[in-house]
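Please read the structure below before turning to the comments.
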Amino acid sequence: MTSIKILKFTWLRPRLLVFIFMALAGLMIISALIELRSSKQELLQLMEDQTRSQLETLLLASDNALRSNELLESTFDQRLFRVAETVQTQIKQHAVTNKSLQNLVTASGIKSISIFNKRGNVKLSSESLDNSQVATNLSAVENLQPIFSGQRDTLYLGLQTGQVPQENQYAVAVATEDSSAIVLSLEAEPLLHFRKQTGFGVLLRQIITNPGIVYAALQDTTGIIAASGNVTHLESVVHSKFLRSVLSDSSLHTRQTNFDSIAVFEAAEPFYYQGNLVGIFRLGLSMAPIEAINSRIYRRIIIMTVVLFGLGFIVFVAIIARQNYDLLQRQYQVVETYSSSIIENVGDGIIVAGEKSGVQVFNQAAGELFSINPKDAIGESLKVILGEETCAQIFQNDASMQELQCEINGTTKSLIISKTEFTDTQQEDNTILVFRDLTEQKRLQDQAQRNERLTAMGELASGVAHEIRNPLNAIGTIIQQLRRDFKPAEDVEEYEQLTKLVSQEVKRINETIQHFLQFTRPLSVQMEPFQLSELLSRIERQYQSLASEHHIKFSVDQQWDGEVRWDRQQMQQVLMNLLQNAIDALENSGSLSVIVSEIQNDQLEIRVIDDGSGIPEAIRQKIFNLYFTTKPKGTGIGLGIVQRVVIEHGGVITVDSQQGKGTTFIIEIPKRVQPDTEK
């Protein structure tokens, strides 16, 4: 029995193996065929997603190009209309001449200004041209008839194309009170250059650089509007059922077709701008990659069948293992990329540091906060990055979140710090620190609180001053009447001295009340444009000699110059108050400087810096309070007025002071205060 079983087992073994092998082979072939079909569908879906993404990008870019062109033309219009208002004002004041128009053209940077009468003749012009030449530059005086007839006040003449690029201009026209026309123009070369850089042709040429794209075109019912490469003909919209369905459905449509004997996967979508149909964007992708993939799959099936007897099972297992590995690798890369992107782009500073390995993660926000290149921070100790004092404050506190005042690069920062600790797979203790900078928020909050306190104290002072003033005036009147009508029998000289003293004190109190009332009244600001260098030069001349008398080194460092729009007198008073306070604090020695720099395109920073004894912390919190002063004869309203002037100009004033190191007053203020901020 044993031998029979062995023979049976030996006989069944090959059959079992063949059966298993054939089953596996059949499964592998069926699997390969299924994979072929699935790959085709996935690749087609991938191509559809790719074309959808590229078409959406193309549609958005085209829409942005049209909007940008309109925005640029709108900017030209606004600029010309602002100059036109000035010309109208000069006409009303009978101050307009050829010379004034030339000066206005030079000051505003436009091309020309001409004034036409109702007959189309030039009355005045900034150009040294006769009437016929000016009319020729305008292209057609007939365009101004709506103004001459009183039908329109303004005309957008738009682009006026000349025979050479230098003659191209962009023009508008504005009516005067006597129905004459003021025509203003700008050089049109920037607009034409912008159109060349952002037109449909440029967009399509850029997108065709992708080797997988066969053609890209914008087409309407009349023909091709713009196309990439050497595309000169495409299927007509009128004669194509597919393209007509795109117009009727207004959504993305795809199909497989041929273009010049090339198999392509085409996607089409209508392009609307401001509700109007411009045409259909068509994008054709080569089917060659899909055909190549299909060919590779067929070859693999044949090879698998030929070598199946030797390597079938191994290949099958290897394919499954490889697919799983690739899938896991892609998923890992996606997760890693996603998490890294979040850490790098989050607004808070993030630092991850090990006890032995040092800093392992240092994102961009942390680099900006500590002014350190993130690459240079990797591997460094936290004490090197943050400083020993800051590290001690963070790690001595067991709270997971705390607020600290830290000095970073000589500047005091208010930070909220979140701390989390964990142990990694290497059994190393790590710490995650998240920093949020609240310095700017606290500064604005402090300014708002100071402003509220000044307003409240001003209102209180106003009420008290009015209540004191009436009885005080009565006292003054009685004293004057006593001095005039009453003469004591004895001690006449003492009586005169006492009544005179009472009159002087009443007068002094009245002057103090007048100062209080002056502070409570709203500031009257008169904004005007002027060169910043004029104001700083005047301040420098005014205080250079005074500083020398007190043995103080005084300097003005103007790192930005240009036109500002401020109340000249009040801003001069602000700088004078700050400089006078600094001179008083220096006590006949030291250095004093004013530094002006640009911190943004529309923002300036003014620093008034002295190296005096500094302001104690207890006093520093009160210096902007109304009536607070450390001077024996001070009123305590100087810095209050300084703050009000800065606020009226839309700015912020702060103070940074350390005892023994000096004081810095920092003003951040817009270059040009707009009319809506005027009081």
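The values are calculated or read from the model by the stated rules, or taken from the named source; none is laboratory data. Keep in mind that this is a model prediction, so the values were computed, not measured. Don't worry about glycine lacking a Cβ; one is built from the backbone with ideal geometry, like all the others, and counts go over all protein chains shown.
Here's the yes/no breakdown for (1) at pLDDT 75 or above; (2) not in a helix (DSSP H, G or I):
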| residue | (1), (2) |
| --- | --- |
| 334 | no, no |
| 337 | no, no |
| 340 | no, no |
| 353 | yes, yes |
| 372 | yes, yes |
| 376 | yes, no |
| 380 | yes, yes |
| 391 | yes, no |
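Name the residues in region 1-38 that are modelled with pLDDT under 70 and touching a Leu at 6+ places or on another chain (Cβ under 9 Å), would you? Hit for region 1-38 is 21, nothing else. Under the condition of being farther than 30 Å from residue 126 by Cα and touching a strand residue (DSSP E or B) at 6+ places or on another chain (Cβ under 6 Å), the residues counted in region 64-87 number 1. Identify, please: which residue in region 424-436 is of a type in the set (S, T, N, Q) and modelled with pLDDT of 80 or more and is, among those, surrounded by the fewest Cβ atoms within 10 Å (Cβ to Cβ)? Only one residue tops the list, namely 431.
Grab the strands (runs of 3 or more DSSP E) fully contained in region 535-627, keeping just those with 1 or more residues being more than 34 Å from the chain's Cα centre (by Cα).
Details: elements: 552-558, 563-566, 590-600, 603-610.
Qualifying strands (runs of 3 or more DSSP E): 552-558, 590-600.
Annotation: residue 403 fulfils all but one of (1) among the charged types (D, E, K, R); (2) within 26 Å of residue 345 (Cβ to Cβ); (3) part of a loop (DSSP other than H, G, I, E, B); the unmet one is (3). Would region 525-533 turn up any residue that is in a helix (DSSP H, G or I) and modelled with pLDDT of 80 or more? Yes: one or more hits.
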